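For reference, the structure is listed below as structure tokens.
Just so it is clear, none of the values below were taken in a lab; they were calculated from the coordinates. This one's a predicted model, so the numbers in the text were calculated from it and none came from an experiment. Neighbour counts run over all protein chains shown; Cβ positions are idealised from the backbone, glycine included.
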Amino acid sequence: MDENIFLSKITKSYKVTLPARYEQFIKEKEYEQFEENQALFTGFISGLFHLHFVDELLTDVIELGKSQGINNIKEIWTAEFNTYIPLAIYDHPEVPESKGFLVWDSSEEMMPVLIFDFEGPRVYAVADNLDQFLQNFPDIHNKEQRSRDASELAAKRFEFWKKGDRKHFDF
């Protein structure tokens, strides 16, 4: 897929302004060198995987989820994960449906990279930004959990309630 068309589809699909560093990574085809080698995932998600950074599926999270066997991705994504933008698909010939993919957080200026994992569902921090992610490649450590599950939200609500902070109470 043409890189400019891909970036245009990402922008329109997720209604975001893309970080300059991400645009450079795609337009200058930096991603190609990372697709040539396998990435070593360690942590909650482990194994050797190939990454795909410019794939039509990344422009539509619903179709991406369905392709990975996540049939109810629409409800999950819109309710809890709508600030995350798919960054790369990871796959392995022996794992037909990985039920996860790399994402970046559009709500944070530095563009942190995380793994979205359907089991939970939750995200796991991988790197503080795209450059750190690329610098660490092929090692993708995902031990540091950044969960956005119901128990975490309930705990936040309780903390705000205890402090008397009503403006942050309604998530």
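Centre-to-centre separation between the Cα atoms of segment 107-138 and those of segment 1-76: 12 Å.
State the extension gain, in nm to one decimal, for the chain segment bounded by E3 and N82, taking 0.36 nm per residue of separation less the distance between their alpha-carbons. Can you show the working numbers first?
Details: separation 79, 0.36 × 79 = 28.44 nm, distance 2.33 nm.
This chain segment gains 26.1 nm when fully extended.
Highest mean packing comes first when the peptides 124-137, 15-28 are listed by Cβ atoms within 10 Å, giving 124-137, 15-28.
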